[in-house]
1. Given the chain, what percent of its DSSP beta bridges are antiparallel, to the nearest 5?
2. Determine which aspartates and glutamates satisfy two conditions relative to Lys61: a Cα distance under 14 Å, and not lying fewer than 8 residues away in the same chain.
3. Hey, rough spin-label estimate for Ala288 and Glu274, points 7 angstrom out along Cα→Cβ, what's it come to in nanometres?
4. Find the relative contact order for region 4-248 and round it to a whole percent, using C-alpha pairs within less than 8 Å whose residues are 6+ positions apart.
5. Based on other C-beta atoms within 10 Å, arrange Cys94, Cys188 from fewest to most.
6. Over the chain, what is the relative contact order in percent, taking alpha-carbon pairs closer than 8 angstrom and at least six residues apart?
7. For Ser105 and Gln253 in the same chain, what is the full-extension length gain: residue separation times 0.36 nm, less their Cα-Cα distance, in nm?
8. Mind giving me the nanometre distance, one decimal, between the label points for Leu330 and Glu50, set 7 Å out from Cα along Cα→Cβ?
Amino acid sequence: MTEIWKMTLGQLTAGYASGALSPVDAAKAAFERIDKVNPAINAIFAPMPERALEAAVASEKRWRDGAALGPLDGVPMTIKDSVAMKGTPYVRGCAANLGNPLSTSDSPPVARIQEAGGVILAKTTMPDFGMFAAGVSSAHGTTRNPFNLAYNTGGSSSGGAASLAAGIGALTIGTDMAGSVRMPAAMCGLAGMKPTQGRVPHLPPSAVRSAGPLARNVKDMATFLTVLSGEDLRDFGSIPPEQRRYEDADPAQLKGMEIGLCLDAGFGCETEPEIREAILRVAREVEAAGAVIVPVDRLIEFDPSEALNKLFFLRSRLEYNAMPAEKRSLMLPYALQACEAAGEISAIDYASALEELEKAKAQMYRHFGRLQYMLTPASPVHGFPADDVGADTKSALRHTNFMSLVNQTGQPGAVVNCGMTAQNLPIGVQVIGRRFDDWGVVQLLAALETMLGATPDIAEPN
């Protein structure tokens, strides 16, 4: 029998229903796994064993009484530092926030998880304010990739991805503003999704940041997405749920489907040969299944990096301004420098950046007049050192070039594993769809997972 900490969501709930497994045993096994692997990967922040075991006991009774709340009831999982949960720390990766008051309310994702009976084990690490797609933090230290401890997890949902890939819990939730769910999911061999903007409500409301699910397979990810989706009046941008369950989406039938293939974002880091070849292999498999692959030269025709950086760093500057001046030096040096530089951005600079991004969004979305979906690398690089803020240490978001515009346009984007590098690091392929077609993106992702058979085993960090 598979060890309980290795089990998928479906295996766990089938065991609960039959009486062969207990949510209490699953929670205890998850904490044992934390004790075993977290010293190596440093992914867990604020474990909550008493609360988790209390939730597991309640779930066990519901399953025994035939009154389970649904497919997440009793399933152990983690949540990102920046996803507020009443009575827990809300540090957002920054040492200056250590010791701040605990959260006084639950964010929409936490409320949905608890309503569904999910067992929240702990919060997970992230970089300062989520400012970069890497696993380094002034509050938490360095989170390491469980497949190769010398390498980065990607970010900013770094701890969630690393812990899940190492067998801690069956699910985790992250947030994504420029690839922060998809990048660590890809770098840690997981399925992860940034849904259509508003599909999963989150706080504070944002036009570009979305909460999203990560799992070790597409079906579990889709099940989690169903639970998380739907309107919440606290998030004015949230949209009604689809009247169907994402886990019921069959793998897409690819025959005749026109799918774009883009290997050059037009800006940011250049796609490495090993990554390019891996994505080309995916395209050949998709084409062999009957799809029509349409080459896309580049996502857009100019470099919007400076405009993106201005918006991201100005957002973080607000948090910098709100903290006591004497605590600012506690920030990670890159984050501190970026926030200080953001103080020099004028209103005209900000307006110009917004205008430039409107042009970038228009160029990005024009591809989807003809195409329903597009395949791209998740990351253009195979990885980068664990202690670095990005593949380019002077411009920390350059390796998010295939992801960041998906947040700007509000489209759904999702990743699944498609191979391993020479350094034993996962390679992810990204699927981008039209706005509101989350169902179709899940279908195509499921088809790729089945076709490629590349889902890695749970990592044993050493």
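1. 65 percent
2. By straight Cα distance, Lys61 reaches Asp25, Asp73.
3. Each label point lies 7 Å from its Cα, and together they span 2.3 nm.
4. Relative contact order of region 4-248: 18 percent.
5. Fewest-to-most ranking of Cys94, Cys188: Cys94, Cys188.
6. After rounding, I find 18 percent.
7. So the chain would gain 49.0 nm between Ser105 and Gln253.
8. For Leu330 paired with Glu50, the spin-label model returns 2.4 nm.
Read the figures in this text as sums done on the coordinates, not as results from a lab. Predicted model only: the values in this text are computed from it and were never measured. Cβ sites come from the backbone with ideal geometry, for glycine too, and all protein chains shown count toward neighbours.
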